[in-house]
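These notes are about the structure you will find just below.
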Amino acid sequence: MSEKYDLPKAYEFGEVEKRWYDYWMEHKTFAATMEEGKESFSIVIPPPNVTGVLHIGHALNNTLQDLLIRYHRMKGDNTLWVPGTDHAGIATQNVVERQLATENKTRHDLGREKFIERVWEWREEKGGAIINQLKRMGASCDWDRERFTMDEGLSTAVREVFVRLFNEGLIYKGDYIVNWCPRCHTALADDEVEHDPTDGKLYHLRYPYADGKGVVIVATTRPETMLGDTAVAVHPEDERYRGLHDIGIKLPLTGRIIPVVLDHHVEREFGTGALKVTPAHDRDDYEIGLRHDLERIKIMDDHGVMNENAGSYAGLDRFACRKQIVKDLEEQGYLEKIEDYQHAVGKCYRCATVVEPTTSKQWFVSVRPLADKAVQAVRDERIKIYPNTWYNTFYSWMDNIRDWCISRQIWWGHRIPAWTCQDCGELIVATTDPDVCSKCGSSSLSQETDVLDTWFSSALWPFSTLGWPEQTKELQTFYPTSVLITSFDILFFWVARMMMMGLHLMDEVPFHDVYLHALVRDKHGKKMSKSTGNVIDPLVTIGQYGTDAFRFTLTAFAAQGREIRMDEERVEGYRRFINKLWNAARFAQMHIKDSDPSIIRVADDPSALPLHHRWILSRTNETIRRVRAAMDGYNFNDIASSLYQFTWHEFCDWYLEWIKAELYGDDDQARQNGRGVLLCVLENILKMMHPITPFVTEEIWNQLPGERGTIMLESFPDESPAWQDAEADNSMDLLMGVISAIRTIRSEADVHPTAKIQASIICPNKEEQELIRSFAGAIGGMTRTEHLEIMDSGVVPDDAGYVLVDGMEVFVPLKGLIDVQGELEKLDREHKKIDKELMRVVGKLRNEKFLKNAPEAVVQKEKGKQKELETRLAKNAESVARLRKLQ
RNA sequence: GGGCGAAUAGCUCAGUUGGGAGAGCAUCGGCCUUACAAGCCGAGGGUCACAGGUUCGAGCCCUGUUUCGCCCACCA
């Protein structure tokens, strides 16, 4: 905590942020509580890759989480935010392999064990840099509970799950076509393959009939795969190829005779309507192969190099082979033509190498039964998704889900806990490494070399981080977690799989709510990318504007269902807002410094307080209501705008100005009231702002009078019925209207801001008169009005500046200062506007159906509006007449 | 090809049982008024993409069109 000091004119965030974060860490204010009888609120962080660096998506994601965490902590819930990182199999292995490459080594030079040691070393030294960056963002995670998907506890959970699912028959090993990355030497899940539109060629090949009496043209983008062709497929109802089924095809270059199969998958309209079938190297062909029991000929090895099945092409790289094949086909007259062709090419999402579909033995999870549980949970609203536009996408993805390939042929990750007995061939799957074969007793066991897909361990994150499979107090208190906040692009990678695993293994949802936020784009809506050069680095932005301003900006942008266009100017704007708050506090400090802190109690029962105090408390109450509602409904932008609007435009612009006279005056009671309410409202603002802007609020909080301590553990403001005061709201609206009216007149007539004037108000309503009269001093102070005259009725002088407001006529004699022409033009514009509006209202009121169908309140409202418009029109005419006299 | 979303002030965007068109920035005018010039006061600015429909009443609900964006599946 810091000593009290006089706040400087401008808020300096740098030193403050560091000091408070250190304080929080030292005092462990982020630590979760597990007290009986309290509500629980928990979030598990979407674990960033251990190789990761904080980007703006993380910044948004973690700001929103921290917002909710701090809010619930202040509400007094048992609150836990579990931090951690993901071992990110391929990504991390790549990083270390690159490191090795600089030493001219490959992982094979080290061997598996040494290599893994090396990865752990890397992680100790350089991994998890993002954790410190999250701290810079102000994240209030319970850092003592930081987890890593490869740490001991989580590895235990992974094994436990694998074994359970295997024993239930939900994990199996099978031959299947997978996306193979020849560079990473591993299978990739469907969603780890990115499809980029790529310029390529479409080769049209001439396949001769087996009887030599004709030729069928097939098209392909990968001619080298012809070496593995085991059929040509045509549509069963395609007249052009009737009878070809019985003849067969003589495959060029190899001379193999292959059948012609009839399959509905073939599109008759595409190309010639004939499709070469390579079951070992194309997903669709693989399916066709299964249907027609075709042979699968693998023609490449794991490096993408042609193998012995490729005959004379063996040893050639797949792309070199493609060239050679095309050349040979052309020379032998099998090449019909080559077209330029743009098509989607699958690439490895980690290294961008062109993926090769190929068959291999892999481990799979049967997801159908798991997916059904997830879908059911969402249908039953045991899990709610925000914004709700994602429901359809979720369901359609889950309906089409395929078995999940979970084995990866890399070294960094959870090694699959399965062993094969070298003697009897028994497959053993166990949580602890077996010494001997359970069937024949042989000690000659070899473990699977594959590791699990990184997402397998991530899928367990919500319960593995809480100690599962042990039955811990943490699990009991915090599972299911409250909400998962993440970006929609991993809805399927991760979110859906957590649902499946949580529901299956815990028999309970992993989280009650899912909030999917948008991707952050640049201000023109473009994706941020290094190549475009439009990347906003959160750490740079923080350095320029401060963490609080940055967090406030992200919160203000986080409207549901819309992409976020990040505009740095907005950050600057919110930095000014933070500074505004700082200065409001500075103002308060100047006036309250030496006061008895007990003065705050005046706000407890505002009924006896003057109007403006009751008004600001009423507005405070309304703001509390709005902020809480927005928090509870994940309407983050509403939280930000409510606080911004209230703090700046009600509290600072009106209330602080209003009480200045009292604070500087010599009426003790008035001064005490002002101080008390001022401090009370400011404290409420700080508490409400704290979840978004933790640093500045903490610093200010501790500079206010009295014993303080961290604001983090103060209770979040509750609505207070005693503060709600509609009458005060209405009365203040009236007074503010009068003040604005006089200001408008002054400004338009170019009266110098410091010049004193006289003003008059014609106000037929006695109560309103009384109200204005009792606040004549305040009105005078805020408008530099020396003498305020209030009349029942009267005639506005010709040369007066004039505004009609709330049925009152406010005017200021100006003695020739009026811009007659300008005023007339303005009145004319106004006349047209009123007239148009009046026509609309009158039309409505003449409509019998409207009178019959509309609610009475709406009808009355329209009638009132008509009266008002008519008055305004009449007054407008009077003003015109008045001004004409001056011309 | 299927699905989803967006179109509101010059810019970025709010706008939920259908009844008042709004904010910030930018612009223009005036102010160093003792918390803040990182500020204060005031002003101007919109055919709510287009065309229909439902309704007493539509930015909001329905249909169609246009433009833009995203997701999924990719016809080899």
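The values are calculated or read from the model by the stated rules, or taken from the named source; none is laboratory data. Remember, predicted model here, so these are calculated numbers, not experimental data. Every residue, glycine among them, receives a Cβ derived from its backbone with ideal geometry; neighbour counts consider all protein chains shown. The protein model used for the area step is the full one, side chains on, heavy atoms only, and it has no ligands, DNA or RNA in it. Shrake-Rupley method; radii C 1.70, N 1.55, O 1.52, S 1.80 Å.
Of note:
- In chain A, the calculated helix contribution to ellipticity at 222 nm averages -13500 deg cm²/dmol per residue, counting -39,500 (n - 2.57) for every DSSP H run with n ≥ 4.
- Partners of residue A:38 within straight-line reach, counting lysines whose Cα lies under 22 Å from its Cα and excluding those fewer than 8 residues away in the same chain: A:28, A:75, A:473, A:687.
- Portion, in percent, of the accessible area of region A:167-253 that falls on carbon or sulfur, probe 1.4 Å: 46
- Accessible solvent surface per residue of region A:450-595, calculated while the other protein chains remain in place, 1.4 angstrom probe, Å²: 36
- Three-way shape label, region A:565-662, alpha-carbon gyration tensor, a/c 1.5: oblate
- Per-atom-type breakdown for region A:812-887 gives carbon and sulfur 53% of the accessible area (1.4 Å probe, protein chains only).
- When the C-alpha to C-alpha distance is required to be over 25 Å, the pairs from A:373/A:439; A:844/A:867; A:213/A:337; A:276/A:337; A:756/A:875 that qualify are A:373/A:439; A:756/A:875.
- Mean Cβ neighbour count within 10 Å, used as a protection proxy, ranking A:641-654, A:99-112, A:65-78 highest first: A:65-78, A:641-654, A:99-112
- Inter-centroid distance (Cα atoms) of region A:765-797 relative to region A:681-731, Å: 34
- Solvent-accessible surface of region A:260-397, averaged per residue with a 1.4 angstrom probe and all protein chains in place: 51 square angstrom.
- Accessible area expressed per residue, region A:1-90, with surrounding protein chains retained (probe 1.4 Å, Å²): 39
- Rounded tilt (10° steps) of A:112-125 against the dominant C-alpha axis of chain A: 10
- Dipole of region A:190-341, positive end: most advanced residue of A:281, A:312, A:292 [Cβ charges, Cα centre]: A:312
- Spacing of the modelled spin labels on residue A:361 and residue A:341, each 7 Å from Cα toward Cβ, amounts to 3.5 nm.
- Degrees separating the helix A:283-292 axis from the principal Cα axis of chain A, which is the longest one: 50
- DSSP-defined antiparallel bridges as percent of all bridges, chain A, nearest 5: 70
- Candidate lysines for bridging to residue A:527, where Cα separation is under 25 Å - those fewer than 8 sequence places away on the same chain excluded: A:347
- Translational diffusion coefficient of region A:290-448 (Stokes-Einstein, Kirkwood radius from Cα pairs, 25 °C, 0.890 mPa s): 116 µm²/s.
- Charge dipole (Cα centre; +1 on Lys/Arg Cβ, -1 on Asp/Glu Cβ; no other charges) of region A:303-385 amounts to roughly 680 debye.
- Whichever aspartates and glutamates have a C-alpha closer than 15 Å to that of residue A:593, once near sequence neighbours (fewer than 8 apart) are set aside: A:3, A:6, A:683, A:707
- Only Cα pairs under 8 Å and 6+ residues apart enter the sum, and on that basis the relative contact order of region A:744-851 stands at 28 percent.
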